[in-house]
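A short write-up of the structure that comes next.
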Amino acid sequence: MGKRSNFERREADFYPTPLDAVPPLIPYLRGSGIRTFAEPCCGNYDLVRHLESFGLRCVYSGDIRSGQDALALADYGAIDCIITNPPYDTAHRRKLMHALIEHFQCIAPTWLLLDLDWASTRQAAPFIPHCSDIVAIGRVKWIEGSKHTGKDNYGWYRFDIRHKAGPVFHGRDVDDVTPIRRTGICEHCRKAYELQRSSSRFCSQACKQRTYRRRLTVTSSVTRASAPNPPIEPLDCSEAFRYVRHTKDTRRKRRAEEN
């Protein structure tokens, strides 16, 4: 949200990232081989959904409002970069935003959505040498349902502690604009498909049904099954049992032998 806004600022500078802010960044992510990212100031996951709709995969997402302090984590797993729209904290001369820049750029290359005027302030001087690229996106509509865009121009800043030569500015050229043709990866067949909406997870209804059927199947027990009982061998009845018919003479003879 820009510094010249006439609206009352929201708590914790919570302004969901609009979809229009994302397409200008996509060519620079794809050009550098970015496939996975972390979003440590995710809010309501708007930016995560927008980026994933272009085929990227979010490895980590968290937010201070749900108990994940971005400054308390020094590792976000196997990621290619960090991408986030940080809180600006203008009431305190952006101390929180500056702390986040310093923290993130030491973990992984970091793309932050900031107003373009910031780059020309004294506050930015310690950080600009480590900024490699600035991608202008112009003005965006921060408040859903509003008829007007914000009053400030914005851009994506890339920070990397290993970079020390300052930024290259990328203007709003026609060649830099990515058409709104978003793709995703189907959770079942893992094939790319064109998204109809950002919350889509499957390329077809058939893949969706197959996934749900798989979840309903009974999983195998973790307890090792006992060994099957050995087969019962048939008995030779002629040897196992003998039926003898005793007459009176044989009974007398048997008693005599026993005595």
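The values are calculated or read from the model by the stated rules, or taken from the named source; none is laboratory data. Keep in mind it's a predicted model, so treat the numbers as computed, not measured. Note: ideal-geometry Cβ built from the backbone for every residue, glycine included; neighbour counts use all protein chains shown. To get the accessible areas, we keep the full protein, side chains included, count just its heavy atoms, and leave off ligands, DNA and RNA. Shrake-Rupley method; radii C 1.70, N 1.55, O 1.52, S 1.80 Å.
Taking the options S61, S132, name whichever one is over 18 Å from the mean Cα position of the chain (by Cα) and small (G, A, S).
Going through S61, S132 in turn, the sole match is S132.
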Out of curiosity, is A70 modelled with pLDDT of 95 or more and within 17 Å of the chain's Cα centre (by Cα)?
-> no
Check D75 against each of (1) open to solvent by 40 Å² or more (accessible area, probe 1.4 Å); (2) closer than 21 Å to S132 by Cα and name the one condition it does not meet.
-> (2)
For the stretch 33-68 the number of residues that are assigned to a loop (DSSP other than H, G, I, E, B) and either in contact with a helix residue (DSSP H, G or I) (Cβ under 7 Å, 6 or more places away or on another chain) or without any contact (Cβ under 8 Å) to a residue 60 or more places away in the chain (or both) is 14
A21 at pLDDT below 60 and closer than 25 Å to D89 by Cβ = no
Any idea how many residues of the stretch 89-106 are assigned to a loop (DSSP other than H, G, I, E, B) and either more than 28 Å from G31 (Cβ to Cβ) or free of Cβ contacts under 8 Å to residues at least 40 places away in the same chain (or both)?
-> 3
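Considering only strands (runs of 3 or more DSSP E) fully contained in the stretch 110-226, which possess at least 2 residues that are open to solvent by less than 50 Å² (accessible area, probe 1.4 Å), touching a His at 6+ places or on another chain (Cβ under 7 Å) and modelled with pLDDT of 70 or more?
The strands (runs of 3 or more DSSP E) meeting that bar are 131-138.
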Return yes or no: is P16 of a type outside the set (G, A, S), modelled with pLDDT under 90 and open to solvent by less than 70 Å² (accessible area, probe 1.4 Å)?
-> yes
